[in-house]
Amino acid sequence: MPKTKTSSSAKKRFKVTAGGKLLRRRAMKSHNLTKKTSKVKRRFSKDQPVAEANVRALKQMLGKRAGRN
């Protein structure tokens, strides 16, 4: 059986922690920042864990990177 390729879009957007958790970037930080408060912008900078409903599909897209837990 051939090797599965890692999805290029997924490897650019998600980070895998040492414990195998998947992290994503928060939305809304790319434009219109002048009307957002400093507190809100600071919150955007922290990575957010991926929802449980999406973990299985994402791990498949990331292949070896995500580990097969």
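Could you please find all residues in the range 41-51 being open to solvent by 100 Å² or more (accessible area, probe 1.4 Å) and assigned to a helix (DSSP H, G or I)? Talk me through it step by step, then tell me what you get.
Initial filter on the range 41-51 (open to solvent by 100 Å² or more (accessible area, probe 1.4 Å)): 42-43, 46.
Result: 42, 43.
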For the range 25-36, indicate whether the set of residues that are under 16 Å from the mean Cα position of the chain (by Cα), in a loop (DSSP other than H, G, I, E, B) and within 30 Å of residue 2 (Cα to Cα) is non-empty. no
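Listed here are the residues, each with its yes/no results for (1) in a helix (DSSP H, G or I); (2) small (Gly, Ala, Ser); (3) within 11 Å of the chain's Cα centre (by Cα); (4) at pLDDT 95 or above.
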site	(1), (2), (3), (4)
1	no, no, no, no
6	no, no, no, no
11	yes, no, yes, no
18	no, yes, no, no
39	yes, no, no, yes
53	yes, yes, no, yes
56	yes, no, no, no
65	yes, no, no, no
69	no, no, no, no
Of the numbered conditions (1) open to solvent by 80 Å² or more (accessible area, probe 1.4 Å); (2) without any contact (Cβ under 8 Å) to a residue 40 or more places away in the chain, residue 64 fails exactly one; give the number of that condition. (2)
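The values are calculated or read from the model by the stated rules, or taken from the named source; none is laboratory data. Fair warning: this is a prediction, and the values are worked out from it, not measured in the lab. All Cβ positions, even for glycine, are placed from backbone atoms using ideal geometry, and neighbour counts span all protein chains on display. Please note that ligands, DNA and RNA were not included when accessible areas were found on the heavy atoms of the full protein model with its side chains. Shrake-Rupley method; radii C 1.70, N 1.55, O 1.52, S 1.80 Å.
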